């Protein structure tokens, strides 16, 4: 009996293993039989009612959105990253030493050229001016008296009453006083100039920054920080870069005397900030980046551009006339290369290999592969294959729903489909 119990204990695992294997075989058989049955039913249904679903031209149509290829003009732009740069930036400094008495501007204020910004204590320079004016008055009186004596000596010399040496000496004295008066006049002019410098005015029109010194402090002409910084905002420039390979196209237009339009956009390239023209091109290429710097000027009347602001510059360099364009969303890329799905009149699609040209925003020009008027799929192409049936939106034009193209209808001045 003990041997029988041991034998039964050893046989239990094998029984369980065989049971599990049997269940697996039954489950696999049932899984294999289900598709076969469905295939048989589908075949019978196809014999009785038509083609099997999923075949070319048969089954449910795939909903897609399609737009016709168009012919027209496409604008070619060059894009570059840029920075708004003031035409002029000036640090306003005192040209004389003294105590800052008054500050007559508000931080961030727009000022005009010549507008009074600050006043330095003028009293020392007024006193110096008074001193030099008195000195020149004294020397002018001495000069006048010397000239009178010279006239007397000349009359006496004519009567042979005095020696000629006295006349020569008097003439030299007159010239000496004339030189002294000129020196005094220079001192007076300089004192007046220093007195003028005690009134600090704006050298340019623009926006003032933050005040660098407060009233009551002693300012000197040698101070590096100055009183305030003024930046000119109108006009303003944008310095941006383009690849060196695009430079010949730009130079060709510039040498022809054309003014290339430039637009400035925000960081996300959605909002246009300003429109201007190309002003200048740098004289060398940056060997580290392979780019060249360009400068565009903008009127900036609404002050949309701010100094050192990061912008995206877009410059128009050419216009392609009468080219075929399709929405950029219609262009697909795969093992076949670059292709689009063209909707045929029977509402089936065919894969068409294309050669894309210039891309700008939502529009891409097509050099070959598609003709104007042909419908191309712009939404739903990922669910299509060659010969698949498609369904167009009910709100599409009647001709488009029937798969009819525009018949070569042309629209000039196209930049973006839908505009």
Can you name every residue in region 339-351 that is in a strand (DSSP E or B) and buried (at least 16 other Cβ atoms within 10 Å of the Cβ)? 339, 340, 341, 342, 343, 348, 349, 351
Out of (1) surrounded by 17 or more Cβ atoms within 10 Å (Cβ to Cβ); (2) out of contact with any helix residue (DSSP H, G or I) (no Cβ under 8 Å at 6 or more places or on another chain); (3) not assigned by TED's automatic domain parsing to the domain that holds residue 341, the one residue 98 does not meet is (2)
Go through (1) at pLDDT 95 or above; (2) in contact with a strand residue (DSSP E or B) (Cβ under 6 Å, 6 or more places away or on another chain) and name the single condition residue 190 misses. (2)
Taking the condition of being surrounded by 20 or more Cβ atoms within 10 Å (Cβ to Cβ) and under 30 Å from residue 376 (Cβ atoms), how many residues in region 78-95 meet it? 1
Wholly within region 171-233, strands (runs of 3 or more DSSP E) carrying at least 2 residues that are touching a residue at least 60 places away in the same chain (Cβ under 8 Å) and either in contact with a helix residue (DSSP H, G or I) (Cβ under 9 Å, 6 or more places away or on another chain) or more than 25 Å from residue 301 (Cα to Cα) (or both): 199-201
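Residue under question is residue 120, and the condition is that it be assigned by TED's automatic domain parsing to the domain that holds residue 213, touching a residue at least 40 places away in the same chain (Cβ under 8 Å) and either surrounded by 12 or more Cβ atoms within 10 Å (Cβ to Cβ) or touching a helix residue (DSSP H, G or I) at 6+ places or on another chain (Cβ under 8 Å) (or both); does it hold?
Working: assigned by TED's automatic domain parsing to the domain that holds residue 213: yes; touching a residue at least 40 places away in the same chain (Cβ under 8 Å): yes; either surrounded by 12 or more Cβ atoms within 10 Å (Cβ to Cβ) or touching a helix residue (DSSP H, G or I) at 6+ places or on another chain (Cβ under 8 Å) (or both): yes.
Yes; evaluated as a whole, the condition is true for this residue.
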Going through 274, 304, 296, 288 one at a time, which residue ends up being surrounded by 11 or more Cβ atoms within 10 Å (Cβ to Cβ) and in a loop (DSSP other than H, G, I, E, B)? 304
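Got at least one residue in region 213-221 being under 39 Å from the mean Cα position of the chain (by Cα), surrounded by fewer than 19 Cβ atoms within 10 Å (Cβ to Cβ) and closer than 30 Å to residue 310 by Cα? Full working, then the answer.
So in region 213-221, the residues under 39 Å from the mean Cα position of the chain (by Cα) come out as 213-214, 221.
From the residues that got through so far, the ones that are surrounded by fewer than 19 Cβ atoms within 10 Å (Cβ to Cβ) too are 213-214, 221.
Filter once more, so that each one left must be closer than 30 Å to residue 310 by Cα: 213.
Yes, region 213-221 contains a residue that is under 39 Å from the mean Cα position of the chain (by Cα), surrounded by fewer than 19 Cβ atoms within 10 Å (Cβ to Cβ) and closer than 30 Å to residue 310 by Cα.
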May I ask you to list the residues in region 127-167 that are over 30 Å from residue 194 (Cα atoms), in a helix (DSSP H, G or I) and free of Cβ contacts under 8 Å to residues at least 12 places away in the same chain? 145, 148, 151, 152, 155, 156, 157, 158, 164, 165
Unique residue being out of contact with any strand residue (DSSP E or B) (no Cβ under 6 Å at 6 or more places or on another chain) and at pLDDT below 95 when the list is 137, 158, 172: 158
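The values are calculated or read from the model by the stated rules, or taken from the named source; none is laboratory data. Remember, predicted model here, so these are calculated numbers, not experimental data. Backbone-built Cβ (ideal geometry, glycine too); neighbour counts: all protein chains shown.
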